1. Which fully enclosed helices (runs of 4 or more DSSP H) of the stretch B:121-226 have 2 or more residues being of a type in the set (S, T, N, Q)?
2. Do any helices (runs of 4 or more DSSP H) lying entirely in the stretch B:1-116 carry at least 1 residues that are touching a helix residue (DSSP H, G or I) at 6+ places or on another chain (Cβ under 7 Å), and which ones are they?
3. Go through A:69, A:64, A:121 for me and flag whichever is among the hydrophobic types (A, V, I, L, M, F, W, C) and either at pLDDT below 95 or open to solvent by 30 Å² or more (accessible area, probe 1.4 Å) (or both).
4. Please find, within the stretch A:508-534, the residue that is nearest to residue A:383 (Cα to Cα) out of those that are in contact (Cβ under 8 Å) with a residue 60 or more places away in the chain and aliphatic (A, V, I, L, M).
5. Within the stretch B:167-186, which residues are more than 7 Å from every other protein chain (Cβ to nearest Cβ) and touching a Lys or Arg at 6+ places or on another chain (Cβ under 9 Å)?
6. Quick check, is residue B:131 open to solvent by 30 Å² or more (accessible area, probe 1.4 Å), aliphatic (A, V, I, L, M) and touching a residue at least 12 places away in the same chain (Cβ under 8 Å)?
7. Inside the stretch A:446-469, can you point out the residues that are open to solvent by less than 60 Å² (accessible area, probe 1.4 Å) and assigned to a helix (DSSP H, G or I)?
8. How about the stretch A:360-407: which of its residues are assigned to a loop (DSSP other than H, G, I, E, B), among the acidic types (Asp, Glu) and either within 30 Å of residue B:170 (Cα to Cα) or in contact with a His (Cβ under 7 Å, 6 or more places away or on another chain) (or both)?
Amino acid sequence: MSQQSKINAPKSVSGPVTWLDDRTGLANLANKKFLRKVFPDHWSFMLGEIALWSFVILLLTGVFLTFWFKPSMAEVEYHGSYELLRGLHMSDAYSSTLDISFDVRAGLLMRQVHHWAAILFIAAMMVHMLRILFTGAFRKPREINYVIGSLLLMLGILEGFAGYSLPDDLLSGTGLRIAEGLIRSVPVVGTYTSFFAFGGEFPGDDMIPRLYMLHILLIPGLLIALVTAHLVLLYYHKHTQWPGPGRTNRNVVGEPFLPIYTAKAGGFFFIIFGVTSLMGALLQINPVWKYGPYNPSEVTAGSQPDWYMGIAEGLLRIMPGWETEVFGYTLSWNVLLPGVVAPGVLFTIALLYPFIEQWITGDKREHHLLQRPRNAPSRTAFIVSLMTVYGLLWFAGGNDIIALKFDLDLNWITRFMRVLIFIGPPIAFIITKRICLGLQRADRERALHGFETGIIMRAPSGEYTERHAPLSSTETWKLVSHEQYDRPELEPAVDENGVANPASRRSRLRSKVWAFWYDDDVTNVSREELEEAHSHTDGHHRAEGTEVEGADEPSELEPKH
Amino acid sequence: MRLLSARLSARRRHPLAGLVVLLLGLGIAGGLYATVAPKPAEANAAQQELVADGRKLFLVGCASCHGKNAEGIMNASGSQQGPPLIGVGAAAVDFQVSTGRMPMAQTGAQAPRKDPLYTDEQTEALAAFVASLGPGPAIPAAEDYDYEDATEEEIVRGGELWRTNCTACHNFNASGGALPDGKYAPSLVGVDAKHMYEAMQIGPQQMPVFSDNVMTPEDKRNVIAYVKHLEQQDQPNPGGFALGSLGPVSEGLFGWIVGIGGLVIVTVWITGHGARVKK
């Protein structure tokens, strides 16, 4: 109360605020560090926010759609405004989707904004995940948050697929048919699970109401819970930052949550809302009225899932038709491997990567400073090879559209992909690693010899040289401050009693993996090398008016090992 | 009268009676034949001239692959240079030539649609020539494919037939689709109703034949009516720019490039304009 009178707020404001504060203690919370949380500024730190805000847009538009959508597979005769389907028998779900599109004011806009926001939601989660992986932001203490993020991505994909299936048009039915095939391909339990999920033979009458429950209740509930946990942990850990002068593992340099960051994040929400609204207004997405009601005997060219299921589609499309018969039962490898096993393996690799890397390095310390992708060459190369797998499968999932639009042979695209899916990732790994190592060498060169001034000097002997000028300490710090790992010590093959040491074999494996992962890295510039190089530069090529500031803070320039 | 019949009856054993009856019978049969029997091709001089013109054109433009008598040509390797055209009918010639598919510019997986090389009169002559070689489907009359006055019920029925029989290759929006080994089902956007009708009749290239027993002429017209209305209904397109009407592949492409691409540019802009950034 006394605080309010001090700042002389008008009574109309101070009254309700005080009332609220007396009952909730919110002002106390606001005064604390909570709202002064610091966020560093970098464009790549905003990618997760795209996902967050598209999720908010999904909730808003989704609520609108639930007012008119009827999650029922009961057969009705369509009598809405879309002439080309009038009088046709269809499910209530499809009929109400048509009504939303043609007879509900702003219904089509909301449907399209919802769909575009869904596409952005998952795409943003994925680029956000790539940023985390490329910069090493998943390292201790953020492993749990990484796992939560991965689960969010997986749930987001499931949520998207459930939404894609709800309109009960030809495309969603075709997608469900594939999902049914994937379930059935699981040995022994597949058929039972399929009958359980669909309430009998496909398509049955139960699937749409069940998916609706998953789509608007269960999965969004889980998503909201996990998003909250994700953000709470983000607050708790504080944001990571790029290395620079004055930035350490024990501080965060950036702007406070209130007011600057709030303004930026809030403004960003409106920009994202604007972009999705523009896309919803201008770009047609999923014209359900053209697909027609689902009918198991129909299918259309250009039947694809939304992009995030594209790799599952691609895997199915390039898989040879292998089947085995065991005791009169067919094992459909052609569906089981690409539809169930391969996506599971890919997802598990992505989920476990932080723990795998931790095992290789043996690093149990906290990290709040990010790594430049080039300073972790093998990791960067590994992620690029995973992206290559993803991209190739994506491409394979759209093979018919590519064949049609680029006048290519469909079968040859498939054959090409069958080979490339195995040789592409190693090639991508090697190329990326070489690029990273080249950049590391260039960095080392720059740190030791300064930058090229473009000034050509001619010696009395006639020799031409380019003058190099030393970097500022800020620049140098960015180039030389990153850490490198030492090869883990081998456990002795036998313990002190001369008995074979069971830990030895594991430690040798770890050492070998370490060597593969880190041996090629360009050794970081040491303090001695830097001092030596600077004294050398001082004597000969020091550009006029340039101060070597790095010498003032030798302790900061020392790379930590 | 009685007198006449009595006189005829009296002379029925006359030696010339048989001859008279024979002549009478022949006369009646000949007269009936002249009025009832189909007229031979030679009867129509104009048609004969058309066929002759068509034959000339055929010998110049088509015979190198299809043979001088349209009997087809086999390569040395046993593959077909050009199929025999006897019995394909005028509809096939009209479809292939007036959509520019024939003559082919080069061999390939499939003859693509291009600007026609022959005028309408020349096409007619070619069709007449090929039709004269053997019976086959004739060029449909304008009222067969006139979809303008199709009722709503007929259009909806056409849509059901379309989704059941056609979308698997031609795509839900008639945007076309890929087929094995470099072949494809072409886009039907902007295609003449007559050509759609003929295509269903003759099953050109990869397309199956939808004979009148399989799909009645009325149903063919209904399918055409649906496709044409689908096209007209797109003006303006509900929902905005259709992204090629190719389904989720192009939607994903736009989502990534326009959506994520655009928003990443915005993130760079937002973080580049902070309170701390000095210009």
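The values are calculated or read from the model by the stated rules, or taken from the named source; none is laboratory data. Being a predicted model, the structure only gives us computed values, none of them experimental. A quick note on method: Cβ atoms are made from the backbone with ideal geometry, for glycine too, and the neighbour counts reach across all protein chains shown. The accessibility values were calculated without ligands, DNA or RNA, using every heavy atom of the protein model including side chains. Shrake-Rupley method; radii C 1.70, N 1.55, O 1.52, S 1.80 Å.
1. In the stretch B:121-226, B:152-165 are the helices (runs of 4 or more DSSP H) which contain 2 or more residues that are of a type in the set (S, T, N, Q).
2. B:45-61, B:89-98
3. Matching residue, one of A:69, A:64, A:121: A:64.
4. A:513
5. B:186
6. Yes, satisfied.
7. Passing the criteria: A:447, A:448.
8. A:407
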